[in-house]
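The values are calculated or read from the model by the stated rules, or taken from the named source; none is laboratory data. None of these values were measured; they are calculated from a predicted model. Note that each Cβ is placed from the backbone with ideal geometry, even for glycine, and that neighbours are counted across all protein chains shown.
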Amino acid sequence: MKHTRITALAAIGLAATLSLTACSGDGSGKDSSAKGASTPPSVASSSSSDSDPKSGGSSDSGDATANDTKPDSGGQDTQAGTGSTNGTAKSSNKVPFCKTEDLAIDATNAAPDKTSGRIDITMINRGSTTCSATGFAGVDIKDADHTSSPIERGPAQPRITVLKPGDAAIFDLAYTIDTTGNSLASPTNILVTPPNETHTVSLEWPAAAGQIKGAYTDVQVYPTHTTK
């Protein structure tokens, strides 16, 4: 009986040992499955690589934006060109300047008193079209010693002087009259170049004009204006 009981106990102990071994094997199986569950990080890295095309897409949109700006700049260039054309059209509508050959020019003494010298130079439009004599005429005074001196401009602003056929414009030479009789100036001619012209006419110095006090640099020319 004892032998049989011992044998039974031994069998039970062996069964218990096998049971513990089986439990230990199941635990290792769970560990391997846990390791298998840790594989999602590789999936995460794959999704991060998918984000690269997205960044590439944003650079493409940047290129598209740059291309969109080009037509705008082209439009600005076109507008500038249009403005330039309009400017040319306006300039072509201006009244042409009077030509020397179309003007009858004369000089007369117009001194208001015995100390203020003034010579009026009149220009009449003998041409067939309207023209502009606006501005300062070029004036030189020729002396008896055959030298000529340019006359400086007086402190005045030019006025619009448009001449229809037959209209007259006038400008003045102003100076101080020398009443001592000791003037060193002996003017014989006035050389006149109309405003914006290059052709000059020579006029005789008016005989009734008073003598010039000082030098020719003290004489001043004033801009043209109409007589109306």
Among the residues of region 156-204, count how many are in contact with a helix residue (DSSP H, G or I) (Cβ under 7 Å, 6 or more places away or on another chain) and not β-branched (Val, Ile, Thr). 5
Would it be correct to say that Gly117 is assigned to a loop (DSSP other than H, G, I, E, B) and at pLDDT 95 or above? no
In region 129-147, which residues are polar (S, T, N, Q) and farther than 17 Å from Pro194 by Cβ? Thr147
Within region 109-130, the residues that are farther than 29 Å from Pro165 by Cα and of a type in the set (Lys, Arg) are Lys114
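Matching residues to (1) part of a loop (DSSP other than H, G, I, E, B); (2) in contact with a strand residue (DSSP E or B) (Cβ under 6 Å, 6 or more places away or on another chain); (3) at pLDDT below 95:
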{"residue": "Gly127", "(1), (2), (3)": "yes, no, no"}
{"residue": "Pro165", "(1), (2), (3)": "yes, yes, no"}
{"residue": "Thr179", "(1), (2), (3)": "yes, no, yes"}
{"residue": "Leu184", "(1), (2), (3)": "yes, no, yes"}
{"residue": "Asn196", "(1), (2), (3)": "yes, yes, no"}
Surrounded by fewer than 17 Cβ atoms within 10 Å (Cβ to Cβ) and in contact (Cβ under 8 Å) with a residue 60 or more places away in the chain - does that describe any residue in region 176-188? yes
